[in-house]
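Working notes for the structure below.
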Amino acid sequence: MPHEVRAVVAVEKGAPVEVRTVVVPDPGPGEVLVDVQACGVCHTDLHYREGAVGDGFPFLLGHEAAGTIEAVGAGVTDLVPGDYVVLAWRAPCGTCRSCRRGRPWYCFDSRNATQPVTLLDGTPLSNALGIGAFAEKTLVAAGQAVKIDPAARPEAAGLIGCGVMAGYGAAVNTGNVGRGDTVAVIGCGGVGNAAIAGACLNGAMKVIAIDIDDKKLDRAEKFGATHTVNSRGTDPVEAVRALTDGFGVDIAIDAVGHPETYRQAFYMRDHAGVLVQVGVPDPETKIDLPLIDLFSRGGALKSSWYGDCLPSRDFPYLVDQYLYGLLDLNAFVSETIGLDQVEEAFAKMRRGEVLRSVVVL
């Protein structure tokens, strides 16, 4: 029997989101129905609302979520009702050319539920990142629901589903930060602070946080940054070199995704250093670098997609680090809100007042 639930919908480009009643079907083959307990308000949700991700309006927003399995569809054997899960927007298919080559974190045919969630009049909704979790219940592919330790608070655990995983994975999976490395992170929002925390957990000797907001830099220190640089009035490349005996860092992480921050990350690397871009750029922007610099400086320029994570491996690990007291996920939660406060949370996000507002259901 279909389920009528409250959910946050972006009806049209640029318009304030609305809380609507939506219809969620029972799970079909390979699908699971999830009772959502908490869902973080991510910049990507705002990008959907603004039409920057596509024009498939109306969108069912929300994707950074934790909850419990209510029902499973035919063929689902590794999840049962009552399982506590974090939702992932990558669910490797296991059969595409990337999965067959042992690189499931680059899966080219990630799974989503095939049945649509609809408005009451039958209008199908486009689920943000294939999830749509600003809702009391949502429908996802079974592979998108990753079972975790039920001791983890849903407000904190759900953040692993996007921002925390993206930042942590950019440092650990993509950047391969190791013991004794020096790291710079440009942009100290949720993703940047997760990169800082990941770099520290993986043994970085020095982690330099860079932002234009002193409040964000203060928060970055709480996640393990050893040094901070306010780039509003200071050349961050020169500052990073001064902090690394003139050499530059082993790994520079751009968590902003702007041409200027990318250029800064490129030049603040040591020779043969790694640049990791995890901040999502505006599709219209371009980067212009001298080809001789690309050649002579060596190293690697990498893009980090979802922290190059494998959710079934990485989500439970991060939850364990949280429960062991090594990764402070609670510190990412700035406030808890209701479904009807998402539009206000977007405004706070734009003003830089929060790391994460989290909808609790």
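Of the residues that sit in region 122-153 and are open to solvent by less than 30 Å² (accessible area, probe 1.4 Å) and assigned to a helix (DSSP H, G or I), which one is nearest to Leu87 (Cα to Cα)?
By that ranking, first place goes to Gln144.
Among what's in region 178-197 and is of a type in the set (Gly, Ala, Ser) and in a loop (DSSP other than H, G, I, E, B), pick the residue that is nearest to Ala157 (Cα to Cα).
Residues of region 178-197 that are of a type in the set (Gly, Ala, Ser), as a first pass: 178, 180, 184, 187, 189-190, 192, 194-195, 197.
Adding the requirement that they be in a loop (DSSP other than H, G, I, E, B) leaves 178, 180, 187, 189.
Working: Gly178: 25, Gly180: 29, Gly187: 22, Gly189: 18 Å.
Only one residue fits best here, namely Gly189.
Taking region 198-235 only, how many residues are assigned to a helix (DSSP H, G or I) and open to solvent by less than 10 Å² (accessible area, probe 1.4 Å)? Step through it out loud before you land on a result.
First, pick out the residues of region 198-235 that are assigned to a helix (DSSP H, G or I): 198-201, 214-222.
The next check asks that each one be open to solvent by less than 10 Å² (accessible area, probe 1.4 Å); those that pass are 198-199, 217, 220.
Matching residues across region 198-235 total 4.
Give all pairs with beta carbons closer than 9 Å in which a residue from region 31-51 that is free of Cβ contacts under 8 Å to residues at least 40 places away in the same chain meets a residue that is open to solvent by 10 Å² or more (accessible area, probe 1.4 Å); count only pairs at least 6 apart in sequence or on separate chains.
Once the first residue is free of Cβ contacts under 8 Å to residues at least 40 places away in the same chain and sits in region 31-51, its partners that are open to solvent by 10 Å² or more (accessible area, probe 1.4 Å) give Glu50/Lys13; Glu50/Gly14; Gly51/Glu12; Gly51/Lys13; Gly51/Gly14; Gly51/Phe57.
Being within 25 Å of Leu46 (Cβ to Cβ) and among the basic types (Lys, Arg) narrows it down to one residue among Arg153, Arg103; which is it? First the steps, then the outcome.
Working: Arg103 fails: within 25 Å of Leu46 (Cβ to Cβ).
Matching residue, one of Arg153, Arg103: Arg153.
Might you let me know whether region 74-90 holds any residue that is closer than 30 Å to Gly187 by Cα, surrounded by 19 or more Cβ atoms within 10 Å (Cβ to Cβ) and modelled with pLDDT under 95?
From region 74-90, those closer than 30 Å to Gly187 by Cα are 85-90; that's our starting set.
From the residues that got through so far, the ones that are surrounded by 19 or more Cβ atoms within 10 Å (Cβ to Cβ) too are 85-90.
Add one more test, that the residue is modelled with pLDDT under 95, and what stays is 89-90.
Taking every residue of region 74-90 in turn, at least one turns out to be closer than 30 Å to Gly187 by Cα, surrounded by 19 or more Cβ atoms within 10 Å (Cβ to Cβ) and modelled with pLDDT under 95.
Return only the number of the condition from (1) crowded, with 23+ Cβ neighbours inside 10 Å; (2) on the phi < 0 side of the Ramachandran plot that Arg101 does not satisfy.
For Arg101, the failing item is (1).
Looking only at region 236-270, count every residue that is assigned to a loop (DSSP other than H, G, I, E, B) and either at positive phi or buried (at least 22 other Cβ atoms within 10 Å of the Cβ) (or both) and tell me the total.
Step one: filter region 236-270 for residues assigned to a loop (DSSP other than H, G, I, E, B), giving 244-248, 255-258, 268.
Filter once more, so that each one left must be either at positive phi or buried (at least 22 other Cβ atoms within 10 Å of the Cβ) (or both): 245-246, 248, 255-257, 268.
Matching residues across region 236-270 total 7.
When Glu70 is evaluated against the numbered criteria (1) over 18 Å from the mean Cα position of the chain (by Cα); (2) closer than 27 Å to Ala347 by Cα; (3) open to solvent by 30 Å² or more (accessible area, probe 1.4 Å), which criterion, by number, is the only one it fails?
(2)
Conditions tested, residue by residue: (1) in contact with an Asp or Glu (Cβ under 7 Å, 6 or more places away or on another chain); (2) assigned to a loop (DSSP other than H, G, I, E, B); (3) among the acidic types (Asp, Glu).
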{"residue": "Gly62", "(1), (2), (3)": "yes, yes, no"}
{"residue": "Thr68", "(1), (2), (3)": "yes, no, no"}
{"residue": "Ala74", "(1), (2), (3)": "no, yes, no"}
{"residue": "Asp78", "(1), (2), (3)": "no, yes, yes"}
{"residue": "Ala91", "(1), (2), (3)": "no, yes, no"}
{"residue": "Gly94", "(1), (2), (3)": "no, yes, no"}
{"residue": "Ser98", "(1), (2), (3)": "no, no, no"}
{"residue": "Trp105", "(1), (2), (3)": "yes, no, no"}
{"residue": "Ala113", "(1), (2), (3)": "yes, yes, no"}
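Restricting attention to region 327-350, which residues are open to solvent by less than 50 Å² (accessible area, probe 1.4 Å), without any contact (Cβ under 8 Å) to a residue 40 or more places away in the chain and assigned to a helix (DSSP H, G or I)?
Correct list: Ala347, Lys348.
Among the candidates Gly190, Gly161, Gly169, single out the residue that is surrounded by 24 or more Cβ atoms within 10 Å (Cβ to Cβ), in contact with a Pro (Cβ under 9 Å, 6 or more places away or on another chain) and within 30 Å of Leu33 (Cβ to Cβ). Walk me through it before giving the result.
Working: Gly190 fails: in contact with a Pro (Cβ under 9 Å, 6 or more places away or on another chain); Gly169 fails: in contact with a Pro (Cβ under 9 Å, 6 or more places away or on another chain).
That would be Gly161, the only listed residue that is surrounded by 24 or more Cβ atoms within 10 Å (Cβ to Cβ), in contact with a Pro (Cβ under 9 Å, 6 or more places away or on another chain) and within 30 Å of Leu33 (Cβ to Cβ).
Name every residue in region 15-53 that is open to solvent by 30 Å² or more (accessible area, probe 1.4 Å), in a loop (DSSP other than H, G, I, E, B) and not aliphatic (A, V, I, L, M), in order of residue number.
Pro16, Asp26, Pro29, Gly30, Glu50
Do you know which residues across region 271-326 are among the β-branched types (Val, Ile, Thr), part of a helix (DSSP H, G or I) and either open to solvent by 40 Å² or more (accessible area, probe 1.4 Å) or modelled with pLDDT under 95 (or both)? Spell out how you get there, then give the answer.
As a first pass, look at region 271-326 and keep what is among the β-branched types (Val, Ile, Thr): 274, 276, 278, 280, 285, 287, 292, 319.
Within this subset, residues satisfying the condition of being part of a helix (DSSP H, G or I) are 292, 319.
Answer for region 271-326, where residues must be among the β-branched types (Val, Ile, Thr), part of a helix (DSSP H, G or I) and either open to solvent by 40 Å² or more (accessible area, probe 1.4 Å) or modelled with pLDDT under 95 (or both): just Ile292.
The values are calculated or read from the model by the stated rules, or taken from the named source; none is laboratory data. Just so it is clear, the structure is predicted and the values come from calculations on it, not from any experiment. Glycine also receives a Cβ, built like all others from the backbone with ideal geometry; neighbour counts cover every protein chain displayed. Areas reflect the complete protein model, heavy atoms only, side chains present, ligands, DNA and RNA absent. Shrake-Rupley method; radii C 1.70, N 1.55, O 1.52, S 1.80 Å.
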